[in-house]
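In what follows, a structure is listed as structure tokens, so that the remarks can point back to it.
None of the figures in this text is laboratory data; all of them are computed from the coordinates on show. Only a predicted model underlies this, so the values are computations on that prediction, with no experimental measurement involved. Cβ placement follows ideal geometry from the backbone for every residue including glycine, while neighbour counts extend to all protein chains displayed.
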Amino acid sequence: MILCGISLVCPTGTSLQAQSEEIVQIPCLEGHLQGTLLVPDHDQPIPIVLFIAGSGPTDRNGNNPLMTNNSLKMLAEGLASHGIATLRTDKRGIGQSHIDNLREEDMRFEDNVIDVLQWTQSISRQPWKSITILGHSEGSTIGMLAAKDTLIDKFISLAGPGMPAGEVIRNQIGSQYPKLLPYVDTVLTILEHGDTTSEVHPFLLSLFRPSIQPYLISWIKYDPPEEIAHLHKPILILQGNTDLQVDVQDAMRLHQASAHSTMQVIDGMNHILKRGPPDRVKNLATYKNADLPLHPDLIPAIVQFVKD
């Protein structure tokens, strides 16, 4: 695991409390991690929510090179309208978080956890009313691990998987490309034993390329229900029932594993937190629609939990 520094830097040099929106960063290796701190006007301490984006090259706004939907940006702006500050960040090597000489084969799942801890320690120096970690998709598992080791007040799992990543991959490939499932299972079995392999089906190289295998090995060993059971603080589990990546059963597994959790299923919400129809093609079309608003039930659910 590779450690970062923990001093918060505001490039414009202005006080955090005076900002409506500010670019902030922390040093990390030979570079820095960067995020956006959005703080509504206030004259007393207010809550703050730290966002953790999902898997892949997803940036602070919920976008990646193949799609722009601004889901996390919209979520931050929606919470600000209810008097809640947010910090949304780019992961190492994503967006404006630049690390010199960063190699994919050196990355580990735990690096994400370390970075969340650094961000949390930085914002905890400010007089917030409360600090909540919100993890979306893969960010949910990252958030669980980080929340165990830092003094945050609450945790939100938003469309978080309820099984190890290996099982998530098997389910997703099996439902879309069943003929590839035997090849997927062979590779995953090797990775689950802690080994790498060069024998990968050509159609699966983008998923199991040699350089990403060490990261996958470090990720698939975690079982989210087992991890959330160790988290002794208020937890909100939010899940949409038209989510193509994670389903309601995942949320149920997390909820059943934690006596500290409450669960809410949002009817018609998909994986990017917007209204998504059951039809797969029409649902996926929403992933590239930056003008489509968030599902109207999402922000009220988070506001109630954060402010309660």
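Summary table below
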| read-out | value |
| --- | --- |
| Modelled label reach - residue 290, point 7 Å along Cα→Cβ, region 263-281 residues with backbone N closer than 19 Å | 272-275 |
| Burial order of peptide ranges 172-179, 220-227, 232-239 (average beta-carbon count within 10 Å, highest first) | 232-239, 220-227, 172-179 |
| Likely footprinting exposure, 23, 190, 156, 302, fewest C-beta neighbours within 10 Å first | 23, 190, 302, 156 |
| J(HN,Hα) series, region 86-99, from Karplus relation 6.51 cos²θ - 1.76 cosθ + 1.60, nearest Hz, glycine and proline x | 9, 10, 10, 10, 8, 6, 3, x, 10, x, 9, 8, 9, 10 |
| Interatomic Cα distance distribution for region 167-216, bins of 5 angstrom, percent | 5, 23, 35, 26, 11, 1 |
| Folded to 0 to 90 degrees: helix 71-80 orientation relative to the chain principal axis, Cα | 20 |
| Distance between modelled label sites at residue 260 and residue 207, nm, 7 Å Cα→Cβ extension | 3.4 |
| Label point at residue 280 placed 7 Å out along Cα→Cβ; residues across region 239-267 whose backbone nitrogen lies under 18 Å | 241-248 |
